[in-house]
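Working notes, beginning with the structure itself.
The values are calculated or read from the model by the stated rules, or taken from the named source; none is laboratory data. Small disclaimer: the values here were computed from a predicted structure and weren't measured. Reconstructed Cβ throughout: ideal geometry from the backbone, glycine too, with neighbour counts over all protein chains shown. Accessible surface areas use protein heavy atoms only, side chains included; no ligands, DNA or RNA. Shrake-Rupley method; radii C 1.70, N 1.55, O 1.52, S 1.80 Å.
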Amino acid sequence: MAFANSKLSSLTQLFADKQLLTRRVELLTYDGDASLDKGMPDSVVMARNVDDVVKAVKWANENNVPIVARGAGTGLSGGAVAEHGGIIVEFAQMKRIVEFDEVGRSVVVEPGVVNLVLDEFVKTKGLYFPPDPASGRTATIGGNIAENAGGPHCFKYGVTTNYLTGLTVVLANGRVIRLGGRALDYPEYDLLGIVTGCEGTLGIVTQASARLLRNTLAIKTMMASFDSVEQAGKAVSAIIARGLVPATMEMMDQKMMQIIEDFAHAGLPIHAGAALIIEADGYPESVTPQIEEIAAILRDNAGRDLRIAQTAEERDLIWYGRKSAAGAMARLSPAYYLLDGTVPRSKLAATLAGVNRLCDENGLRVGYVFHAGDGNLHPFILITDPKDAELMKRIHATGRKIMQLCVEMGGSITGEHGVGIEKREFMPLMYAPDELAMMWDVKEIFDPQKILNPGKIFPTEMPTSPHSPLLPSTPLRSAQDGEDVGREVAPHNADEAARAIRAWNAQAEKIFIASDGATRTDGATLSTRNLSGITTRSIDDLFVTVNAGTPLADLQAELARDKMWVPLVSPFADATIGGIIATNFNAPLRMKYGGIRDLLLAARVVLPDGRVIWAGRPVVKNVAGYDLPKLFVGSYGTLGLIADATLKLAPLPRARASIIAPVDDLKRGLAIGSKLLRVCLAASGLLLCRGCAIPGASKSYALIYTVEGMSEDVNAELAQARAVLQNENIGNLAQLDAPSANDVWASFLNARSDAVTLRAGIAPKDLSAFVAGLALADASFVVDIANGMLYTRGAPVETIRPAALKLGGYAIVLSGLANDRWGYQPEGLEIMRALRARWDPRGFFNSGAFVV
């Protein structure tokens, strides 16, 4: 759509000279990204600050003009292409690292900061920002957020969403809101998780807060050859089964190695059917034993010609071949069509065979690289003549069939590149009409006029079901006329739950979720007690699907038989999976494994209107549409009933040990805790306690530091922690196998007491000053130093809450009597209410359970 001159004139008046590009010769730079898609914007705004973004968005909203956010233009799905004209907001000048907190391990950045620049900066301070997309040398953090970028190390370290704690977002009406913040687990719907990966269709990010890790101290890299992709895949499964978690596992097939070798002369094993590149990281004492054990596993599983890098130069040479794939393909043809479906890793070989068959049938030449650890495969289909319409039609048709194959294998149409323009018509292959309709609900609430990056993610024609909300006259689903299901139902599956909900909706009955068998007199009770047991356990693919009423203790006992677990801990023996997800109740070990939001891959949910949706998929990398599972984490059942959940598995740690350090002064304990935080690499808990039952705690306060993982890592890290404590003249150190920091935390919260128990969340950088400044008197407490949490028993709410809010945090009541349990108003509350009203217009579902 071209601007009228009057519109262009009014836009010109808003910006300084050279901030607004309108001449065609200037706009040509912005007519595409790294995909095959094209679209010419009418203007480009070179934003310098959030005020510029607000002005551009408000103008676009008032004039009903499309507006598209753009980083470096490295996207591979057309996500930053102005397909319908309008404004592009360019973030090249918003590239400040606004704040860096070395002690609290966090950073605040603008969207134009280049991924590699950020990572290299924090590494100078001994820290690490794990997301590492292949385009990281030029890709920006804003682009990483828009696509929820991953990279080869996400098998161990996860993707962008796992490191974001807060976003500043300009909404479609120009309003600026904060989602999340510097603290963790704010009492709000996880709108942060929905905006991450939304490809700029819900808002424009102007600032991001992210957590960092300690940079690993040592890395070992190796390459191994196999006769086939199937053999290499079995070797990957064998490594996982032994309880090892390499930093990355990359695979190339023979075709791709030959293409790369002809181009880069990297010394690849071109006579092998496949090659694996594997990296192990950790402490120097650990990486050699790890890589030697991995090498032995590979040899036992038909691996040969193993090359273990002994120097940085040898490591770089191994990686040089893998990183030359795109350049090698460009040498063979003027263009290529790059796909990025994800499947469960055990299905990689079968998927590859299927893709080869499809390409052979259609006379197309293809080569591959894989992220073998996470099941993300990248077929490069050569385009010999991009102007050949028949060829392009054949390529796109084959691409659709490849995506269909990935979905049939239980995977996703995109693991890291995003949907954009390229894959929008593939979305109905993966999602049912009700699931797409739910995403569309989210879009409409965030962007009623559809000006934010229009045409992306959603198919041009949305499929509808008989009860889809896309049909505006359709009422809420109801049961058959006259059906009476009673006042309490304990369904065995989602369909039974949906039937009861529809019946109660028809009777205008309030509905309350319960897991403990309690019934309500003020409405109907939906009990989860019969939603029990594991439905799918895939050790090779590191996930488990479990019904939501299953007690966590029962799940862990089952998984322990395979030496696996879901890295969750609850203080309560009867805690269920659904309850833990709905309350977002995280233990200190999230510092090592991530929180519940990071472990949840998919969920089957019955919405308050009776629809059943399957949100997410059982793969580590899935950026097809909005990350709906995160909406239900911490929603306290107000958005629907979680019927089952698919969670990441982890090998049980081979070793776990803790140091207990008695301390006689609060401020000193906090200061020493901050110094210990710098050591944490394999740590799963770092607490400062008062009033806790801890063996060896002979003074008023006690520090407890727990490490778990490889035994060499545990010993090396505890030695470093012990050195810090000894340097502070802390004696009488006790090293124990149990209790761990997570045991101590759980015991504290499980203690019987009528006193009010609070949880305050604060930016880790402010935690020490916050705790030291409180008048805690005789209250017992646990300070979770790594995660910025304070748990108190018997401390006054009226003292702690205002202090937390002043620092951008919060304080909520976990148990005990209080006038206001939450005491917090999210900036996204209006959106939260709109989402709830869309699926529960009467407000009858689990009403009163949450801030919304």
Original post:
Can you find a residue in the range 816-823 that is within 23 Å of Asn742 (Cα to Cα) and at pLDDT below 95?
Top reply: yes
Subject >> Check on Gly243, open to solvent by 10 Å² or more (accessible area, probe 1.4 Å) and either touching a strand residue (DSSP E or B) at 6+ places or on another chain (Cβ under 9 Å) or within 30 Å of Pro111 (Cα to Cα) (or both) >> reply: yes
Subject >> Given (1) open to solvent by 70 Å² or more (accessible area, probe 1.4 Å); (2) under 33 Å from the mean Cα position of the chain (by Cα); (3) not acidic (Asp, Glu), index of the condition Ile294 fails >> reply: (1)
Original post:
So which residues in the range 633-648 are crowded, with 20+ Cβ neighbours inside 10 Å and under 24 Å from Asn742 (Cβ atoms), if there are any at all?
Top reply: Val633, Gly634, Ile642, Ala645, Thr646, Leu647
Original post:
Taking only pairs six or more apart or across chains, which ones have beta-carbon atoms under 8 Å, a first residue in the range 346-359 that is on the phi < 0 side of the Ramachandran plot, and a second residue that is hydroxyl-bearing (Ser, Thr, Tyr) and open to solvent by 10 Å² or more (accessible area, probe 1.4 Å)?
Top reply: Ser346/Ser237; Ser346/Ser538; Ala349/Ser228
Original post:
Failed condition for Gly166, given (1) open to solvent by 10 Å² or more (accessible area, probe 1.4 Å); (2) small (Gly, Ala, Ser); (3) modelled with pLDDT of 95 or more, with all others met?
Top reply: (1)
**OP:** Please determine, by comparing only the residues of the range 403-436 that are part of a helix (DSSP H, G or I) and over 23 Å from Glu83 (Cβ atoms), which one is least open to solvent (accessible area, probe 1.4 Å).
**Re:** Cys406
Original post:
When residues of the range 106-130 are filtered for being over 25 Å from Val50 (Cα atoms) and either in contact (Cβ under 8 Å) with a residue 24 or more places away in the chain or buried (at least 22 other Cβ atoms within 10 Å of the Cβ) (or both), how many remain?
Top reply: 6
**OP:** Could you tell me which numbered condition Lys667 fails, if it satisfies all but one of (1) in a helix (DSSP H, G or I); (2) open to solvent by less than 10 Å² (accessible area, probe 1.4 Å)?
**Re:** (2)
**OP:** Please list, ordered by first then second residue, the pairs with beta carbon atoms under 6 Å, 6 or more apart or interchain, first in the range 746-764 and open to solvent by 30 Å² or more (accessible area, probe 1.4 Å), second of a type in the set (Lys, Arg) and outside any helix (DSSP H, G or I).
**Re:** Ser753/Arg793; Ala755/Arg793
**OP:** Have a look at Leu76, Leu36 and point out the one that is under 30 Å from His396 (Cα atoms), open to solvent by 40 Å² or more (accessible area, probe 1.4 Å), in contact with a His (Cβ under 6 Å, 6 or more places away or on another chain) and of a type outside the set (D, E, K, R).
**Re:** Leu76
**OP:** Please list, ordered by first then second residue, the pairs with beta carbon atoms under 8 Å, 6 or more apart or interchain, first in the range 838-852 and at positive phi, second surrounded by fewer than 20 Cβ atoms within 10 Å (Cβ to Cβ) and part of a loop (DSSP other than H, G, I, E, B).
**Re:** Asn846/Tyr636
Subject >> Index of the failed condition, Ser768 passing every other in (1) under 23 Å from Lys675 (Cα atoms); (2) among the polar types (S, T, N, Q); (3) under 27 Å from the mean Cα position of the chain (by Cα) >> reply: (3)
**OP:** State whether one or more residues within the range 730-745 are in a helix (DSSP H, G or I) and either open to solvent by 20 Å² or more (accessible area, probe 1.4 Å) or more than 30 Å from Ala208 (Cβ to Cβ) (or both).
**Re:** yes
Original post:
Among Phe543, Phe572, Phe585, which is the only one that is in contact (Cβ under 8 Å) with a residue 12 or more places away in the chain and more than 18 Å from Thr646 (Cα to Cα)?
Top reply: Phe572
Subject >> Options Ser10, Ser35, Ser77: the member that is part of a helix (DSSP H, G or I) and small (Gly, Ala, Ser) >> reply: Ser10
Original post:
Is it true that Ala661 is over 16 Å from Met591 (Cα atoms), among the aliphatic types (A, V, I, L, M) and assigned to a helix (DSSP H, G or I)?
Top reply: no
Original post:
Pick from Val98, Val159: which is closer than 30 Å to Cys680 by Cβ, touching a residue at least 24 places away in the same chain (Cβ under 8 Å) and under 22 Å from the mean Cα position of the chain (by Cα)?
Top reply: Val159
Original post:
Counting just the residues of the range 806-845 that are under 30 Å from Arg502 (Cβ atoms) and acidic (Asp, Glu), which one comes out farthest from the chain's Cα centre (by Cα)?
Top reply: Asp840
**OP:** Mind listing whichever residues of the range 508-538 are open to solvent by 40 Å² or more (accessible area, probe 1.4 Å), touching a residue at least 60 places away in the same chain (Cβ under 8 Å) and not in a strand (DSSP E or B)?
**Re:** Ala508, Lys510, Ser515
**OP:** Kindly list the number of the only condition in (1) among the small types (Gly, Ala, Ser); (2) closer than 23 Å to Ala702 by Cα; (3) open to solvent by less than 20 Å² (accessible area, probe 1.4 Å); (4) assigned to a helix (DSSP H, G or I) that fails for Ala804.
**Re:** (2)
Original post:
When the range 327-384 is examined, which residues are found to be β-branched (Val, Ile, Thr) and either over 26 Å from Asp540 (Cα atoms) or open to solvent by 10 Å² or more (accessible area, probe 1.4 Å) (or both)?
Top reply: Val366, Ile381, Ile383, Thr384
**OP:** Among the residues of the range 246-263, write down those that are touching a Ser or Thr at 6+ places or on another chain (Cβ under 7 Å) and either closer than 18 Å to Ile291 by Cα or open to solvent by less than 10 Å² (accessible area, probe 1.4 Å) (or both).
**Re:** Ile260
**OP:** State whether the residues of the range 96-112 include one that is under 26 Å from Ala763 (Cβ atoms) and in contact with a Pro (Cβ under 6 Å, 6 or more places away or on another chain).
**Re:** yes
Subject >> Count - residues of the range 59-69 that are closer than 12 Å to Glu90 by Cβ and open to solvent by 20 Å² or more (accessible area, probe 1.4 Å) >> reply: 1
**OP:** Enumerate the pairs (first residue in the range 388-416 and at positive phi; second residue anywhere and open to solvent by 30 Å² or more (accessible area, probe 1.4 Å)) with beta-carbon separation below 7 Å, excluding pairs fewer than 6 apart on the same chain, so at least 6 apart or on different chains.
**Re:** Gly410/Lys347
Original post:
Under the condition of being of a type in the set (Lys, Arg) and under 27 Å from the mean Cα position of the chain (by Cα), which residue from the range 47-95 is nearest to Leu116 (Cα to Cα)?
Top reply: Lys95
Original post:
Which ones in the range 451-507 are of a type in the set (Gly, Ala, Ser), at pLDDT below 95, open to solvent by 10 Å² or more (accessible area, probe 1.4 Å) and assigned to a loop (DSSP other than H, G, I, E, B)?
Top reply: Ser465, Ser473, Ser478, Ala479, Gly482, Gly486
**OP:** Might you let me know whether the range 39-54 holds any residue that is open to solvent by less than 50 Å² (accessible area, probe 1.4 Å), in contact (Cβ under 8 Å) with a residue 40 or more places away in the chain, outside any strand (DSSP E or B) and among the charged types (D, E, K, R)?
**Re:** yes
